[in-house]
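Here's the structure we're looking at; comments come further down.
The values are calculated or read from the model by the stated rules, or taken from the named source; none is laboratory data. For clarity, every value in this text was computed on a predicted model and none was experimentally measured. Because the Cβ atoms are built from the backbone with ideal geometry, glycine has one as well, and the counts that use them run over all protein chains shown. Note: areas computed on protein heavy atoms with side chains; ligands, DNA, RNA excluded. Shrake-Rupley method; radii C 1.70, N 1.55, O 1.52, S 1.80 Å.
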Amino acid sequence: MTFAVIGAGNTGQAIASYLSLKGEKVKLYSRDPLKANKISQHGLELKGMYSAKLSIEATSLMEEVIEDAEFVIITTTSFGHKQVFNKLKPLLKDNQTIAIFPGYWGAMECKEILGDLLEEKNITVAETSAMPFVSKADNAGSVFINKIKKNVLISSIPTSKNASISNKFLETFPQLITAKNIFESSLNNSNVVVHTPITLFNASRIDSSEEFQFYGQGVSPLTVSYIEKLDHERIMLANLLQVETQDILSIFNEFYGTDYSSLYEALPGLFPVGTAPTTLNHRYIKEDIPFGLVPISELGKKVGIETPYTDSIIRTASLFMNTDYREEGVNFKDWTKDEILSVGGQTQQI
């Protein structure tokens, strides 16, 4: 199998290293030619759950990465998805698979941009509910995979040719399990109800660049209570759309094989080390709100579910950061209630 990995950040370097370790042919795309050249010349050292020094072919030319790829894995932040999809569109070949790690509704955006090409070239578009690893690249040649998640959901966009994720891909990533549809994968994204409340409730510390442990010192009982209320709204929406889900604590315990009895214990217990952001211009705000919380709020409006806690976070952050996250985000403007309920109730064969 041949893989293209788009994005050379933490996840991209971890995925490329993992695939290389498994003996797969992989090319890594970075928009930074200096980073690409450095990785190509010196390779990557994989540490943590795995240990290996790996030779990785990297380039800043997307066409070189895509040309022979059977599978294209996109690991960029969600606010970079549209740009990547537009660059990919003229380069795609017949029968390729695009997998977005993690989705943040990226499969839906990809379908909108590719349009008829999805059917014409028999392109499979898929997304996951989370990253398969907890990883960190130091940008000095080392990639640390600290945890390997279990039971990460993956779904694909159905087409008239019934495009689906191949068994070869699933065998390469045993962390993945199939979901019914993109509502199930995106509504099971655990990041969106956790990152933003902790960030906003520690805004003054972050804005002053105070160093503290994000989960170990940034979490309080009231913060966790708000996270649980956000999560309840996500679960209500999922239930109405016939999407299988669990509360955030159960998702974490399933990901990591733990049995924490409370979210207040689980967050610092699972992530004891992890420095908080030093700026509010961070993906915990500019990704998790427009591509995580906004879709929950907007879907709730379409189907008649009130989401006051979600709405409050969106409004507060938008005013605080002088940015209209609701307008920037995935807002389902062109979807009707019947279309949403139809997709939510549709079982998808993978």
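Between SER225 and GLU64, the simple spin-label model (points 7 angstrom out along Cα→Cβ) gives 5.6 nm.
Within the listed set GLU70, GLU233, GLU327, the Gaussian network model of the chain (springs between alpha-carbon atoms below 10 Å) gives the highest mean-square fluctuation for GLU327.
Residue separation of SER262 and GLU211 scaled by 0.36 nm, minus their Cα-Cα distance, works out to 15.8 nm of gained length.
Quick one: grab the alpha carbon gyration tensor of the stretch 119-240, order the square roots of its eigenvalues as a ≥ b ≥ c, and give me rounded if a/c is under 1.5, else prolate or oblate depending on whether a/b is larger than b/c. It comes out oblate by the Cα gyration axes. Taking the simple approach of a point 7 Å from Cα along Cα-to-Cβ for both SER312 and SER55, what is their distance in nm? It is 5.7 nm. Using the Kyte-Doolittle scale, which helices in the chain average at least -1.0 and also have C-alpha atoms spread 30 Å or more along the helix axis, with helices defined as whole DSSP H runs? Helices meeting the span and hydropathy rule in the chain: none at all. Taken as Cα centroids, the stretch 255-279 and the stretch 14-34 sit 28 Å apart, rounded to the nearest whole angstrom.
Charge dipole (Cα centre; +1 on Lys/Arg Cβ, -1 on Asp/Glu Cβ; no other charges) of the stretch 253-350 amounts to roughly 200 debye.
With R₀ set to 25 Å, the beta-carbon distance separating ASN95 from ILE177 gives a calculated FRET efficiency near 0.60. The distance from the alpha carbon centre of the stretch 141-157 to that of the stretch 185-201 is 17 Å, rounded to a whole number. If you restrict to DSSP beta bridges whose two residues both lie in the chain, what percentage is antiparallel, to the nearest 5? Close to 30 percent.
Considering only GLY141, SER209, LEU117, and ranking their Cα positions along the charge dipole of the stretch 102-254 that arises from unit charges at the beta-carbon of Lys, Arg, Asp and Glu, the one farthest toward the positive end is GLY141.
With unit charges on the beta carbons (Lys and Arg positive, Asp and Glu negative) and the dipole taken about the Cα centre of the chain, which residue among SER318, MET131, ALA238 sits farthest to the positive side? It is MET131. Based on the alpha-carbon gyration tensor of the stretch 1-143 and its eigenvalue square roots a ≥ b ≥ c, which shape applies: rounded if a/c is under 1.5, prolate if not and a/b is larger than b/c, or oblate? Prolate, because a/c is 1.5 or more and a/b exceeds b/c. Applying the criteria of a DSSP loop state and at most 12 other Cβ atoms within 10 Å to the trypsin sites (Lys or Arg not before Pro) of the stretch 136-222 yields LYS161. Label zone of SER40 (point 7 Å out along Cα→Cβ, amide N under 18 Å): in the stretch 58-73 this covers 58-69. Of all DSSP bridge pairs formed entirely within the stretch 127-274, close to 70 percent run antiparallel.
Entry comment: accessible area of the chain is 42 Å² per residue, from protein heavy atoms only and a probe of 1.4 Å. On the accessible surface of the chain, probed at 1.4 Å, how many percent belong to carbon and sulfur atoms? The computed percentage sits at 47.
Its Cα centre serving as origin, the chain has a Cβ charge dipole (Lys and Arg +1, Asp and Glu -1) of approximately 560 debye. Inter-label distance, LYS301 to HIS282: 2.9 nm, where each label sits 7 Å from its Cα along the C-beta direction.
For the stretch 218-319, a/c is not less than 1.5, where a ≥ b ≥ c are the root eigenvalues of the C-alpha gyration tensor, and a/b does not top b/c. That puts it in the oblate class.
Determine, from the Cβ-Cβ distance of MET1 and ASP138 and an R0 of 35 Å, the FRET efficiency 1/(1 + (r/R0)^6), rounded to the nearest 0.05. Once rounded, the FRET efficiency stands at 0.80. Taken about its Cα centre, the stretch 102-189 carries a charge dipole of about 420 debye when Lys and Arg each add +1 at the Cβ and Asp and Glu each add -1 at the Cβ.
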